[in-house]
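Down below is the structure, laid out as C-alpha cells.
The values are calculated or read from the model by the stated rules, or taken from the named source; none is laboratory data. Since we're looking at a predicted model, the values are computed, not measured. Because the Cβ atoms are built from the backbone with ideal geometry, glycine has one as well, and the counts that use them run over all protein chains shown.
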Amino acid sequence: MSFHLLLLFLLFLPILSSSQKILTSFTSKSPPWSPSNNQLLLSPNSTFAAGYLPSSQTSFTFSIWYYKLPTLTTIWSATPKSLLNSTSTLFISSSGELKLTQTSSSSSPNLWPLSSKTRNTSAVLLLQDDGNLVYGKWNSFLIPTDTYLPNQNVNGTYLTSSNGRFQLVVLNTDANVNSLVYNGNDSYFSFQNGVKRLEETGEVTQFNGRFYTSDFGEKGKLRRMKLDDDGNMRIYSIDMSSGRNWSVVWQAVSQLCTIHGTCGTNSICMYDASTTQTSCVCPPGFRKGDSESCVRKIPLVATDTKASKFLPLDYVNFTGVGNQTDLKSSNFSSCEMNCLVKDNCLGFMFKYDGTGYCVLVLEKLLYGYWSPGTEVVTYLRVNISENDVSNFTGMTSLMETSCPVRISLPYPPEESKATTRNIVIISTIFAAELISGVFFFWAFLKKYIKYRDMARTFGLEVIPAIGPKRFSFSEIKTATNNFSSKIGRGGFGDVYKGKLSDGRVVAVKCLKNVKGGDAEFWPEVTIIARMHHLNLVRLWGFCTEKGRRILVYEYVPNGSLGEFLFQKAPTVSPEEQKPVLDWNIRYRIALGVARAIAYLHEECLEWVLHCDIKPENILLGDDFCPKVSDFGLAKLKKKEEMMTMSRFRGTPGYVAPEWMKADPITPKADVYSFGLVLLEIVSGSRNFEHHNSKVDSDQWFFPTWAFDKVFKDMNVDDVLDPRIKHSYDSRANFDLVNRMVKTAMWCIQDRPDARPSMGKVAKMLEGTVEIIEPKKPTIFFLSEE
C-alpha cells in the first residue's frame with residue numbers, strides 16, 4: 001500500500017474508531033452499506049476486517065485487511081483495477097445476489113467480482129477466521145488479488161501485482177508449473193514442482209515436494225505470500241506478541257535484476273547487494289530517455305556493415321526471449337559476422353569457454369543486467385563514429401595475452417667496416433628484448449592469476465562482511481607442519497592437528513569428494529561459520545586452493561565421546577587411558593548435545609539437518625563440555641559418496657527407518673539417531689552389540705531389550721554401564737537416569753510423527769515437561785511385516 005494511502009488511513013483512524021460499527025455478518029435485511037456508514041465486518045477471532053478503505057477523500061476500495069496490526073496491510077480487494085466513489089453501495093438484492101455499485105441505484109452495473117448470486121435467499125456475507133470472505137458458494141479465496149493466505153489453495157488461481165505489471169500464472173497445466181510473468185506472457189521465474197498452498201507453519205507444499213521459510217515452525221506468527229510490485233514473490237511473517245513490522249522470510253528471486261521489466265529498453269540493471277537495491281544505467285553510446293529506458297546518441301546504419309563497430313560489455317546479459325537467436329559458432333569472428341549481416345542485429349553475446357555459445361540480440365535490447373555469474377560478454381553494435389568507450393570491463397582485458405613490439409634499426413652506411421660492432425649491438429638488443437619479454441610475461445602471469453581469483457570471488461556475488469577467514473594452502477601447510485599430526489579420520493576426510501601463527505590450536509579437516517566449485521562451496525561454508533552455539537564446534541576458516549577443500553575448526557582436546565564410552569580394555573600406558581564418566585557428566589553431555597541439535601533444527605536462519613549423529617561426532621572439551629561436529633557438511637558431499645545402503649546417509653546403526661524407505665527426510669531423522677546415542681550414554685555400549693538375551697542376534701534390537709528391562713522387568717540396573725553401576729544411587733540418580741531412558745525411547749519410535757522435536761527433547765531432559773511412558777520401540781522392517 002502506498003504511503004499516501006497509509007497516511008490517509010491514519011488520518012481517518014481517530015474518527016472511525018470513535019464511532020465505528022462492528023458487524024459480524026451482512027444479510028439481506030441489513031441496510032445498504034456505503035462508505036458513510038462507518039462500519040466494518042470483523043472475523044470472529046478479530047484478526048481480519050473487511051470494509052471500505054479510503055484511497056483519497058472521495059475514493060475508496062472495498063478490501064480485506066489485518067485488523068490490529070500497527071501497519072495497515074491489505075490482502076484482497078473487490079475492485080483492484082478501479083476505485084469506488086463516496087456514493088458506492090453494497091447490498092443483497094431481493095433475488096439473493098450480492099451487488100456492489102457506484103451509486104445507490106439497483107440498476108447500476110454490479111462491480112462485485114464473479115457471480116455472487118445464490119438460490120439460498122438467507123445467505124449472509126461472513127468473514128472467516130482465516131481471512132476468507134464468504135457468501136453462499138462464493139468466496140474471496142477463489143479470486144485472490146496479490147496475496148495468498150495460509151491454507152488458501154493456490155491451484156486454479158492466479159495473482160496480479162497491485163501495479164498490474166506482474167502475474168503468477170500456470171503456463172503448463174499438465175505439469176502444474178506456476179510461473180511469474182511480466183506483461184502477461186514474458187516468463188522470468190518458474191516453480192517447477194508447482195505451488196499448492198502456504199501452511200500456517202511456514203511450509204509451502206508443492207505437487208511434488210515442499211520448501212520452507214526461514215522461520216519454519218515458529219508459532220504465534222501471521223504469514224502471507226505476496227506478489228510485490230517489483231515482480232518478486234515473497235513470504236512475510238510478523239510476530240503478533242511483539243508488534244514488530246513484517247519481515248521477509250523467503251523470496252523467489254534472489255537476483256532482482258533478472259526480473260523482467262526492472263529496467264526499460266536498452267537499459268542495464270545493476271544490483272547492489274549491500275542495500276538490496278537496483279539501479280538502471282545506460283550502456284556506452286546511449287543516454288537516458290523516458291522512464292528507465294535509454295536511447296541511442298548516434299543512429300545505427302545497419303545496412304552498411306562498415307559503418308558500425310562493437311563495444312564489449314563484460315558480464316552483461318540481455319535476457320529478452322522473443323528477440324534473440326541462439327547459434328553455434330566455431331569462433332568469435334564467425335559469431336561477429338553472423339550479427340553484421342543482419343540489419344536488425346543490435347549486438348551479440350559470446351562466451352569464452354569453447355562451447356560455441358553465440359546469441360544474436362535482434363530488434364530490441366531487453367532486460368539487460370550485469371552480474372559476474374553470467375560469464376557472458378555482450379558486444380554492443382554502435383555507429384563507427386561513436387566515441388564512448390565501454391565501462392563494463394574485467395573479462396576481455398585478460399584475454400589480451402600478448403603485446404606486439406616492433407623494433408626498427410637504421411641501415412648501416414654503405415662500405416661500413418663496423419660489422420662486428422653492429423653484430424654486438426643487435427645481439428645485445430635481442431638479449432635485452434628476450435629478457436624483457438620473459439620478465440613481462442612472468443609479471444603478466446602474476447597479474448592474471450590475481451585478477452582470475454578476483455573474478456571468481458566477484459562471481460560468488462556478495463562476500464559477507466563477517467564470515468570465516470580464507471586461509472592460503474601455504475598457511476595451512478605451515479600450521480600443520482606439512483600435515484604430520486593426524487588425529488582423526490571420518491566419512492568427510494582426514495583431520496590434522498595444527499597451530500596458527502597467532503597461537504591458536506586448530507583441527508584441520510581435509511574434505512574429500514566435495515561437490516561443486518567455489519560458487520557452491522563458499523555460501524555453504526559461510527552458513528556453517530555463522531552457526532554459533534556453546535555446544536557446536538566453531539569454524540574459524542577455510543581454504544579453497546588448487547582444487548583442495550579444507551576447513552579450519554577450533555581444537556577440542558579431549559577427543560570424541562565414543563573414546564570414553566566404548567573402551568574395551570586398558571591402554572598400554574595408564575596416562576593414555578580415558579577416565580570413566582560419572583552420571584552427572586553423562587547427563588550434561590546428553591543435554592548439551594540435545595540443545596545443539598535443537599539449535600540447528602529450530603533457531604538457525606538456514607534449516608540444517610546433521611544426518612550423521614553418533615558418539616564419534618560429539619567432541620569433549622577440557623571441562624567435558626560437549627561440542628557437536630560435522631554439522632552442515634552433508635550438503636557439501638557428492639551424492640554418490642553419501643549413498644551406502646539403499647539411499648540412506650550417515651553411519652549404519654544410527655540411521656532412522658525413513659532413510660530405508662521412500663518417506664521424506666525431516667528433522668525427526670536426527671531425533672532418532674540422538675535417541676540411540678542417548679541409550680549408549682546410559683549403557684556404555686554400542687546399540688548394535690548383542691547383550692545377554694535369549695533372542696537370536698538377527699532378531700535382537702537394543703532399544704526393545706532396554707525397554708523390556710526398564711518398563712517390563714522394572715530392573716534398570718541391567719541397562720546401566722557396568723563400569724559405574726556401583727555408583728548408581730536409586731535415590732539420587734533415579735530421576736536423572738529415568739528421564740534419559742524415557743526420552744531415548746520416545747526418540748526412537750518407528751514413525752517420525754510419534755517422535756518429539758529436538759526442542760522438546762531438550763526440555764524432556766531438563767525436566768521442564770512431563771514425560772509419559774513411551775510405546776515399545778520395534779525393529780521397523782519387522783514391524784511392517
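Tabulated data for the structure shown
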{"quantity": "Unique residue being under 18 Å from F392 (Cα atoms), of a type outside the set (D, E), surrounded by 12 or more Cβ atoms within 10 Å (Cβ to Cβ) and touching a residue at least 40 places away in the same chain (Cβ under 8 Å) when the list is F310, F348", "calculated": "F310"}
{"quantity": "Elements of type strands (runs of 3 or more DSSP E) in the range 24-83, at least 2 residues being over 41 Å from the mean Cα position of the chain (by Cα), of a type outside the set (V, I, T) and within 24 Å of G136 (Cβ to Cβ)", "calculated": "none"}
{"quantity": "So P144, is it in a loop (DSSP other than H, G, I, E, B) and surrounded by 18 or more Cβ atoms within 10 Å (Cβ to Cβ)", "calculated": "yes"}
{"quantity": "Subset of the range 22-51 that is of a type in the set (G, A, S) and in contact (Cβ under 8 Å) with a residue 40 or more places away in the chain - its residue that is farthest from T101 (Cα to Cα)", "calculated": "S43"}
{"quantity": "Tally, over the range 640-677, of residues that are among the aromatic types (F, W, Y) and modelled with pLDDT under 75", "calculated": "1"}
{"quantity": "Residue list for the range 218-245, restricted to those being surrounded by 16 or more Cβ atoms within 10 Å (Cβ to Cβ) and not charged (D, E, K, R)", "calculated": "L222, M225, L227, G231, N232, M233, I235, Y236, S237, I238"}
{"quantity": "Single residue of V281, V295, V301 found to be closer than 25 Å to S254 by Cβ and among the hydrophobic types (A, V, I, L, M, F, W, C)", "calculated": "V281"}
{"quantity": "Failed item, numbered, when I384 is tested on (1) buried (at least 19 other Cβ atoms within 10 Å of the Cβ); (2) in contact (Cβ under 8 Å) with a residue 40 or more places away in the chain; (3) in contact with a helix residue (DSSP H, G or I) (Cβ under 6 Å, 6 or more places away or on another chain)", "calculated": "(1)"}
{"quantity": "Answer residue from the range 725-750, given it is surrounded by 15 or more Cβ atoms within 10 Å (Cβ to Cβ), in a loop (DSSP other than H, G, I, E, B) and not acidic (D, E) and is farthest from the chain's Cα centre (by Cα) among those", "calculated": "Y728"}
{"quantity": "Number of the condition not met by N178 [criteria: (1) surrounded by fewer than 16 Cβ atoms within 10 Å (Cβ to Cβ); (2) closer than 22 Å to Y236 by Cβ; (3) at pLDDT below 90; (4) not aliphatic (A, V, I, L, M)]", "calculated": "(1)"}
{"quantity": "Residue in the range 290-310 that is within 23 Å of N183 (Cβ to Cβ), in the same structural domain as G356 (by TED's automatic domain parsing) and charged (D, E, K, R) present", "calculated": "yes"}
{"quantity": "Sole exception among (1) at pLDDT 90 or above; (2) surrounded by fewer than 18 Cβ atoms within 10 Å (Cβ to Cβ) for Y135, by number", "calculated": "(2)"}
{"quantity": "Filter result for S55 (in the same structural domain as I143 (by TED's automatic domain parsing), surrounded by 16 or more Cβ atoms within 10 Å (Cβ to Cβ) and either at pLDDT below 90 or among the acidic types (D, E) (or both))", "calculated": "yes"}
{"quantity": "Condition met for T103 (among the β-branched types (V, I, T) and more than 35 Å from the chain's Cα centre (by Cα))", "calculated": "yes"}
{"quantity": "Qualifying residues in the range 84-96 (those that are among the hydroxyl-bearing types (S, T, Y) and part of a loop (DSSP other than H, G, I, E, B)) - the one surrounded by the most Cβ atoms within 10 Å (Cβ to Cβ)", "calculated": "S88"}
{"quantity": "Single condition C263 does not satisfy, out of (1) surrounded by fewer than 19 Cβ atoms within 10 Å (Cβ to Cβ); (2) touching a strand residue (DSSP E or B) at 6+ places or on another chain (Cβ under 8 Å); (3) in a loop (DSSP other than H, G, I, E, B)", "calculated": "(1)"}
{"quantity": "Every residue from the range 488-517 that is assigned to a strand (DSSP E or B) and in contact with a Gly (Cβ under 8 Å, 6 or more places away or on another chain)", "calculated": "D494, V495, V505, V506, A507, V508, K509, C510, L511"}
